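Following: one structure in structure tokens, then a few remarks.
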Amino acid sequence: MARLFDDGNSEYLSRSDTLGISAYPFTFACWFNSDAALNQTLMSFGSIAQARHQELRLRDPADSDVIMLTYTGGNAFAATSNQWSTNTWHHACGIVAGDADRSVFLDGGGKGTDATSQTFSGVYDRTAIGVRISNNVFAQYMSGNIAEAAVWDVALTDTEVAILAAGYSPLFVRPQNLVAYWPLVRDNDNDIVGGYSLTPTNTPSISAHPRVIYPVSPRTHEYAVVVGGGGEVVKIMLQHGLGL
């Protein structure tokens, strides 16, 4: 089960910090299924006091792409060359490797890049899923589902992004640099990696989760767990716990 956000009800998840990240690089990634052709935010860092934000965002209806945007008084963004569709599960990933190095992916491809210089501002004090927070203005609410949201303190490679888009849990990708990971299964908003739990505003409801492959402890020796599209749990037999 994922979380379903209603933009008309201003629903989102957030916390009052940036997960210990205070400089580039970082990576945002999540699965999404939007039910409306709107500009809407998937994941973001923002500021209550100043007009500053970093956001992984959907653009529509004119563009239907995904962008990774930095705003510190002016916009700098990378946009995907492919497009997303409503009522369809997609994977999005946005990476900011440095002041003048940002990239974005949709479904593991369509890579867009941008080299406009924008520094990481020290005023960021919010992490949010489903909304952009900038200068105490809440905007571009998500309309639809978000699941498997994760943040790394490194710039993932193209190959690593493709692994996520193939349906593998963030736990498989650079786990030593995985800062926060919210599977958003059922009504659980807890981060299972760094303890950065989120607070719901207007309580997003529960919805069907995308199909995802999770790792399993070698001690069990037999199963990997996959959450199916209807939220059901499916077990896949392994050989001595050595691989998927």
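The values are calculated or read from the model by the stated rules, or taken from the named source; none is laboratory data. The structure presented is a predicted model; accordingly, all values stated were derived computationally and were not measured. Because the Cβ atoms are built from the backbone with ideal geometry, glycine has one as well, and the counts that use them run over all protein chains shown. All accessible areas refer to the heavy atoms of the entire protein, side chains included, with ligands and DNA or RNA removed. Shrake-Rupley method; radii C 1.70, N 1.55, O 1.52, S 1.80 Å.
General observations
- Each of Asp158 and Val137 was given a label point 7 Å from its Cα along the Cα-to-Cβ line. The distance between the two points is 3.7 nm.
- Here, region 96-199 yields an orientationally averaged convex hull projection of 7.6 nm² when only Cα atoms define the hull.
- Comparing Gly46, Leu56, Ala23 along the charge dipole axis of region 1-80, the residue lying farthest to the positive side is Ala23, per the Cβ-charge model.
- In this Cβ point-charge picture (+1 for Lys and Arg, -1 for Asp and Glu), the chain has a dipole of about 260 debye about its Cα centre.
- Rg(Cα) / (2.2 N^0.38 Å) computed for the chain, rounded to two decimals: 0.95
- Note that region 48-136 carries a Kirkwood radius of 13.5 Å, evaluated over its alpha carbons pair by pair.
- Ratio Rg/Rh [Cα only; Rh per Kirkwood] for region 26-73: 0.99
- At a probe radius of 1.4 angstrom, the accessible area of the chain per residue rounds to 40 square angstrom.
- Ile206, Ile48, ranked by accessible area, largest first (probe 1.4 Å): Ile206, Ile48
- Translational diffusion coefficient (Stokes-Einstein; Kirkwood radius from C-alpha pairs) of region 1-89 at 4 °C, 1.567 mPa s, in µm²/s: 90
- Its Cα centre serving as origin, region 14-107 has a Cβ charge dipole (Lys and Arg +1, Asp and Glu -1) of approximately 200 debye.
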